[in-house]
Amino acid sequence: MAELSSRRQRILFALCRDYIVTGRPVASAGLTQHLECSSATIRNELAALEEQGLLHQPHQSAGRLPTAAGMRLYVRSLGAPPPLRPEVRRAVDVSFSDAGHGPDGMRTAVRVLSELVGCVAVTFVGEGRRGVMRQVDLVAVHGQRALLVVGLDDGVPSVHPVTLDPRFVEPSGSALLRLQERLRGLCIGKTLAEARTDLTRLWAEQEARLDRQLAESLRLGLWLCTAAALDPLWVQIAGQRLLAGQSGQTLAQILTLFDDYHGLAELLCQLLPERAGLPRAEVHVAAELPPPLAAPGEEGAAVSLILSGLSLVGCRVQPLDDDGHRTAAVALLGPDRMDYEAVIPLVEYAAQALAARTSE
C-alpha cells in the first residue's frame, strides 16, 4: 500500500468498487465520473497499476479487472464496516436460536447466512482431541491411496485418507509394513501435541533427507497429528449450488473438501486464527489453501490450491469451554466480487451468535 501514490490508490479502489457492482471489466471512461482526473491521466495510472500486478486487461480493447493482489489491497483499505441492518440482525438471531442443540439446530443458521449474501456458508464446532496414541495402522486401499487409523486411549479411533509416496507401493506390501512400523515407533505412546513437536524437530534435521522411509514416516506422522487433533462435532454447509459458475477443476476440488469434515475444519482453523476479544473476520481473496507436506529436499512437491476467482471470509470463535479445547468458526465462500462491507459484519455477528448459543 505504501508503494502506491494516493491517486493510484483512489483509482484502484474505484475500479474495484465498480467491478464488485458490475462484475465486468472497467473502462477508464467509467472512472472519470468518480475521480477528478482526465481520461488520459487515468489511462496512464491504470497502465502503471497493471505493471505492478494489481490490474489485468482480458484483451486489448477491454477494460481492466483487479487481480487478487489488487482486491486484497482494496479489502485492507476498508475502514470499520457499517453496522448490520436491524432486520439482518433479527434474521441471524432467530436462525441461531437453536444452534446450541447440535447440527440440526445449525442447519437453519447456515441456510440463512448463505441466502443473505449469496455465498456458500460453513459453520462448525470442534473439540481438540486429547489422550495418548495407542495404535497406528496404515491400510492400503488402491494404488497410492491408503488409510491412516489412529486409536487414542479414549477408545475412539479415527480414520484419515492419505496419499503415499509411490516408492512405498508394491505388490508384496513389505515396504508398507516397514513404513507402518516406523510410524508407530515415532507416534505411539505420545499425545498428538507431543508427537507433532518431536516430528517437527526431526523433520528439520538433515538426516531426514537421507532416509526416504524416515522422511515418508515423518510426513505421514505430521499430517496425522494435524488431521486427528480436531474432532469436528458439528459441521453444516449450505449453498454449494452457488459455486456452479466456477471452473470444473476448482469446483471438484472444493466439493471434495466439503466431503472431508476433518480436512475442512482443520483448513478453517489454519486460515482463521483465534484472536482475543470480539471475533474479527479474516478475508482471503483468491484463498490459498495450504499445500500438503513434501518430503524434505523435494522441491516443488507441495503445491498450494489457489481458489481463483473466489474469496473466503470467516471468523474463529475463542474456546467455548472452560479448559479451552473447544473451538468454532463461521465462514462464507463466494466470488471475489462479494460485497465485503456487508459480508464482514455479517460473519462477525454470526460468530458472536454461534459462540453465545453453543456456550449455553
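Quick one: grab the alpha carbon gyration tensor of the range 45-142, order the square roots of its eigenvalues as a ≥ b ≥ c, and give me rounded if a/c is under 1.5, else prolate or oblate depending on whether a/b is larger than b/c. Oblate shape, in that a/c is at least 1.5 and b/c is the bigger or equal ratio. Computed from backbone phi, the HN-Hα couplings of the range 218-232 come to 5, 4, 5, x, 5, 4, 4, 4, 6, 5, 8, 6, 10, 9, x Hz, rounded to whole numbers (Karplus: 6.51 cos²θ - 1.76 cosθ + 1.60, θ = phi - 60°; Gly and Pro given as x). A probe of 1.4 angstrom, applied to the heavy atoms of all protein chains, finds ARG134 with accessible area near 130 square angstrom.
For the chain, the Cα gyration tensor yields ellipsoid semi-axes of 42, 27, 17 Å (square root of five times each eigenvalue, largest first, whole Å). Indicate the gyration tensor shape class of the range 136-228 (rounded, prolate or oblate), computed on the Cα atoms with a ≥ b ≥ c the square roots of the eigenvalues: a/c under 1.5 is rounded; otherwise a/b larger than b/c is prolate and the rest oblate. Oblate shape, in that a/c is at least 1.5 and b/c is the bigger or equal ratio. Take every Cα pair under 8 Å whose residues are at least 6 apart in sequence, average their separation, divide by the length of the chain, and the relative contact order is 19 percent. In a fully extended conformation the segment linking HIS56 and ALA276 would gain 75.4 nm over its present Cα-Cα distance, using 0.36 nm per residue.
Full extension of the segment from VAL156 to GLN253, taken as 0.36 nm per residue of separation minus the current Cα-Cα distance, would add 32.0 nm. 3J(HN,Hα) along the range 123-140: 10, 8, 10, x, 10, x, 7, 10, x, 9, 6, 9, 8, 9, 10, 10, 10, 5 Hz, from the Karplus curve 6.51 cos²θ - 1.76 cosθ + 1.60 with θ = phi - 60°, whole Hz, x for Gly and Pro.
Shape class of the range 12-80 from the alpha-carbon gyration tensor: rounded, with the ratio a/c of largest to smallest axis under 1.5. Taking 7 Å steps out from each Cα toward its Cβ at GLU181 and ALA204 produces label points 3.1 nm apart. A simple count of charges around GLY23, restricted to other residues whose Cβ falls under 13 Å of its Cβ and scoring Lys, Arg +1 and Asp, Glu -1, yields 0. Taking θ as phi - 60° and the Karplus parameters 6.51, -1.76 and 1.60, the scalar couplings of the range 86-94 work out to x, 5, 6, 4, 5, 4, 5, 4, 5 Hz in sequence order, x denoting glycine and proline.
Spin-label model, ASP260/ALA47: points 7 Å from Cα along the beta carbon direction are separated by 4.7 nm.
Amide H contacts of LEU55 (H built 1.01 Å from N, in plane; Pro and chain starts excluded): GLU50, THR67 sit under 5 Å, all sequence-distant by 5 or more or on other chains. Of the GluC sites (Glu not before Pro) found in the range 23-127, the ones in coil according to DSSP and having at most 12 other Cβ atoms within 10 Å of their Cβ are GLU36. Take the range 94-201 with all the other protein chains still there, run a 1.4 Å probe, and you get 48 Å² of accessible area per residue. What residues qualify as long-range amide H neighbours of ARG326, i.e. H under 5 Å apart, gap of 5 or more or another chain, H built at 1.01 Å from N? Those qualifying (amide H under 5 Å, at least 5 residues apart or on another chain) are GLY128, LEU320, ASP321. Remark: the ARG17-ALA244 segment gains 79.3 nm on full extension, using 0.36 nm per residue and subtracting the alpha carbon distance. Here r is the Cβ-Cβ distance between VAL149 and ARG89 and R0 is 51 Å; the resulting FRET efficiency, rounded to 0.05, is 0.65.
Per-residue ellipticity at 222 nm from helix content only, as computed over the chain with -39500 (n - 2.57) for each DSSP H run of at least four residues, stands at -14000 deg cm²/dmol.
Taken about its Cα centre, the chain carries a charge dipole of about 680 debye when Lys and Arg each add +1 at the Cβ and Asp and Glu each add -1 at the Cβ.
Expressed as a whole percent, the accessible area of the range 20-76 that falls on carbon and sulfur atoms is 47 (1.4 Å probe).
The values are calculated or read from the model by the stated rules, or taken from the named source; none is laboratory data. Since we're looking at a predicted model, the values are computed, not measured. Every residue, glycine as well, gets a Cβ built from its backbone with ideal geometry; the counts of neighbours run over all protein chains shown. Calculation scope for accessible area: heavy atoms of the full protein, side chains included, ligands and nucleic acids excluded. Shrake-Rupley method; radii C 1.70, N 1.55, O 1.52, S 1.80 Å.
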